[in-house]
Amino acid sequence: MELTRRQTLLTAAGAAVAAVLPLRGYAAVEESVATFTGGVEPGSGGITLTAPEIAENGNTVPVEVSAPGAVAIAVFALGNPVPPVATFNFGPLAASQSASTRIRLAGTQEVVAVAKMADGSFVADRKEVKVTIGGCGG
Amino acid sequence: MADGVKPRVKVPKQASAGDTITIKTLISHKMESGQRKDKEGNVIPRSIINRFVAEFNGETVIDVTLEPAISTNPYFEFEAVVPESGDFTFTWYDDDGDVYTTTKSISVG
């Protein structure tokens, strides 16, 4: 395929946007996640975050977190004005380290769940949620 | 905002010892996020429930910290173990200092 000047420009612009967007996201994640983990880089595996791929209404998006053996699970919505969403602390009578709730998402963004395991390590899972109507009011 | 707040909790009435049961809780609360503005452009102050605790006979099942990103009428679903007959106590803590409590009994046998 022959590249025209227009196509080349478009591709370059797309690449630039793609390169900048995740950087912004990561900075926000690291800040809010670090306050929960105390600066420890979370690993992966052992935690499941269930969220819809497409949420029509950002005012109420059902999410479920599950991390067997976790002491606490924190959920972050990176694109929200206030990224922390909720922290679940499990007591001795919790049958499973899982919980579901409904959250607000301001727009299409990544949702991250970080679990603190009993041995003090951290694991994370993330899901991209497309939001049709944002849920932060106007 | 103490008016119109009504907790609703679903707990099975009976279980066997050591059983895992699913608990569903919902409390009617507008969960004003502090991000919205009224018609004049003034920010509507934040007014949310900031903590939810579920206990069984004094032992914690789950203790949740809520942020403004939790939807209106906060809903939680989780699982608990019931070692013996007793009472589940559910407590919600409002930003304005109000505390809403509801209790459900379960018999093991």
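Readers should treat all values here as calculations from the given coordinates under stated rules, not as data from a laboratory. In this text, all values refer to a predicted model and were calculated from it rather than measured experimentally. Counting neighbours? That spans all protein chains shown, and the Cβs are built from the backbone with ideal geometry, glycine included.
Strictly over 18 Å apart at the Cα level, which of B:Lys24/B:Lys104; A:Lys116/B:Lys24; B:Lys13/B:Lys104; A:Lys127/B:Lys37; B:Lys6/B:Lys30 would you flag in this model? Numbers along the way, then the final one.
On the way: B:Lys24/B:Lys104 12 Å; A:Lys116/B:Lys24 24 Å; B:Lys13/B:Lys104 8 Å; A:Lys127/B:Lys37 30 Å; B:Lys6/B:Lys30 11 Å.
Distance filter (> 18 Å) returns A:Lys116/B:Lys24; A:Lys127/B:Lys37.
Shielding by partners for B:29-40, please: the mean number of other protein chain Cβ atoms within 10 Å of each residue's Cβ.
Per-residue shielding by partner chains comes out at 2.
How shielded is B:56-63 by partner chains, expressed as the average number of their Cβ atoms within 10 Å of its Cβ atoms? Don't jump to the answer; show the numbers that get you there.
Details: counts 4, 1, 1, 4, 6, 6, 9, 7.
Average per residue, whole number: 5.
Simple spin-label model, 7 Å along Cα-to-Cβ: B:Thr101 to A:Thr4 in nm?
7.3
Given a Förster distance of 51 Å, report the FRET efficiency between A:Thr108 and B:Asp87 from their Cβ-Cβ distance, rounded to the nearest 0.05. All intermediate terms of the calculation are to be shown ahead of the outcome.
Details: r = 43 Å, r/R0 = 0.85.
The formula returns an efficiency of 0.75 here.
Points 7 angstrom from Cα along the Cβ direction at B:Gln14 and B:Glu40: gap in nanometres?
Going by the 7 Å Cα→Cβ label model, 6.0 nm.
Rounded if a/c is under 1.5, else prolate if a/b is larger than b/c, else oblate: which is segment A:97-138, with a ≥ b ≥ c the root eigenvalues of its Cα gyration tensor?
Numbers: a/c = 3.32, a/b = 2.41, b/c = 1.38.
Cα axes put segment A:97-138 in the prolate bin.
Under 9 Å from the Cβ of A:Pro83, count the other residues' Cβ atoms, weight Lys and Arg +1, Asp and Glu -1, and hand me the total.
Numbers: positive: none; negative: A:Glu31, B:Glu67.
In short, -2.
Residue separation times 0.36 nm, minus the C-alpha to C-alpha distance between A:Ala34 and A:Thr132: what's the value?
Working: separation 98, 0.36 × 98 = 35.28 nm, distance 2.96 nm.
The span from A:Ala34 to A:Thr132 would gain 32.3 nm if fully extended.
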